[in-house]
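One structure is given here, and the rest of the page talks about it.
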Amino acid sequence: METDTITAISTPIGEGAIAIVRLSGPDAVSITTQLFQGKNLTEVDSHTIHYGKLIDPDTKEVAEEVMVSVMRAPKTFTREDVVEINCHGGMVSVNRVLEIILSKGARLAEPGEFTKRAFLNGRIDLSQAEAVMDLIRAKTDKAMSVALKQLDGRLSGLIRSLRQDLLETVAHVEVNIDYPEYDDVEEMSHEMMRQKTKEVHAEIVKLLGVAKQGKILREGLATAIIGRPNVGKSSLMNTLVQENKAIVTEIPGTTRDIIEEYVNVRGVPLRLVDTAGIRETEDIVEKIGVERSRQVLKESDLILFVLNYNDELTDEDVKLFEAIQGLEYIVIINKTDLEQKLDLEKIKELTDGNPLITTSLIEEKGIDELESAIAETFFAGDIDTGDLTYISNVRHIELLKQAVASLEDAMEGLEIQMPLDIVQIDVTRTWDLLGEIIGDTASDSLIDQLFSQFCLGK
Ligand code: GDP
Ligand code: ZN
């Protein structure tokens, strides 16, 4: 298929210290190199950035100082050769760069044409591919809608804009290093770098904050029902399964098939896993002591602690309260249809602000309240998948954590006035890490691995 080379300003007009003019198409590199004074861009490695000057072909004068990124097909946004020219952000200079590019035979892109090309060339990025996998595994409608959002490119869009911020900072510093005679410029880039790293850091920390919810949506909330014998644990379990759609998944391939039961409670998938005897634990403290049982209970995301309204508080109940301190739990006082023997004031004290629900499972009372409490514990009310970008993928979370760490290194370096070209190493590393999420710097083997998973699940 014959295509021409298109170009456009790809940053919002009038915003930011640096603007980008992007070219895509077979002549992207050759057009740029004709105008670029610095080196021959047709000979540079793909995915590299170069500082130089852009020459006006009419006047032969230097039009702009620029940073040029050369990215060759197919690992580019459009899968075509792409060049991004970073220049100063003012209207006049950006338009001048665009005009010069147009005069050399590139065509002005129609609105959305880069994206259209990316689509037509079959480009789908890693996070989008992974979203497809998540869709296949999605346990509830809400998990499904999170995956759909990701497929929609929300995460990719956010990561791209964070990378862009970092790239601009690096570009700015590079330019300043070439002009060390201006001391105040050095000062300025220090401040700019601090500002930008702080902003990007805050964004990623925010993303990680909702990651836990995403993980739960995807994998289910590991839930343990605990309490003394006969308080109603099995009844609670049956109620939850009957009231809600139970999802049973079998994972073959292990010596014995592991059965996980999923119960969908208001869009929150509860995963009732029968490992290490967490699921229905009555004499756990008795058997292994508070410390060990704490370890076991820590493996669950949520503990449903059932007490008997018709019974006095025992030492064992108190020990269970001790074992779950600091963990996520809901106290359920069951059998309210019977005579009260439990000291509610004492229970309130022990419950320490955690949700406390009264039920009569036999009379089917309090179940709605319990389900609301379960949903609220983790999602502070309704999950608004419209407003949040959930990160539900373990690989993404890991990379984001590394990105935070490397930004913190950069921030520390700035704090102690380390030279900017040193600090920049950490910033560039962050840029790389974020790139791995969307597949820009991922190695081939990683891509192979992910796609083979995808095909398997298809
Ligand atoms: P577990 O040993 O903690 O699993 O308790 P079970 O769920 O097996 O229940 C023990 C007994 O209590 C059973 O006979 C249940 O029918 C009964 N039970 C459960 N919930 C209630 C309730 O809300 N009220 C009354 N009166 N009995 C209940
Ligand atoms: Zn039981």
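Each reported figure results from applying straightforward, stated rules to the coordinates on display, with no laboratory input. Everything numeric in this text was worked out from a predicted model, so none of it was measured. Positions of Cβ are generated from backbone atoms using ideal geometry, with glycine treated the same way; all protein chains shown enter the neighbour counts.
Working ranking of peptides 297-305, 398-406 by packing, defined as the average number of other Cβ atoms within 10 Å per residue, highest first, is 297-305, 398-406.
Amide hydrogen proximity for Val306: with H placed 1.01 Å from N in the peptide plane, the residues at 5 or more positions away or on another chain lying under 5 Å are Ile226, Gly227, Ile332. Among Ile49, Ile225, the ranking by other beta carbons within 10 Å of each residue's beta carbon, starting with the fewest, stands as Ile49, Ile225. Ordering Ser93, Ser234, Ser24 from the fewest to the most neighbouring beta carbons within 10 Å gives Ser234, Ser93, Ser24. Would you mind checking the pairs Lys75/Lys401; Lys319/Lys346; Lys39/Lys60; Lys39/Lys196; Lys104/Lys196; Lys319/Lys348 and listing those with alpha carbons more than 23 angstrom apart? Where the Cα-Cα span goes over 23 Å, the pairs concerned are Lys75/Lys401; Lys39/Lys196; Lys104/Lys196.
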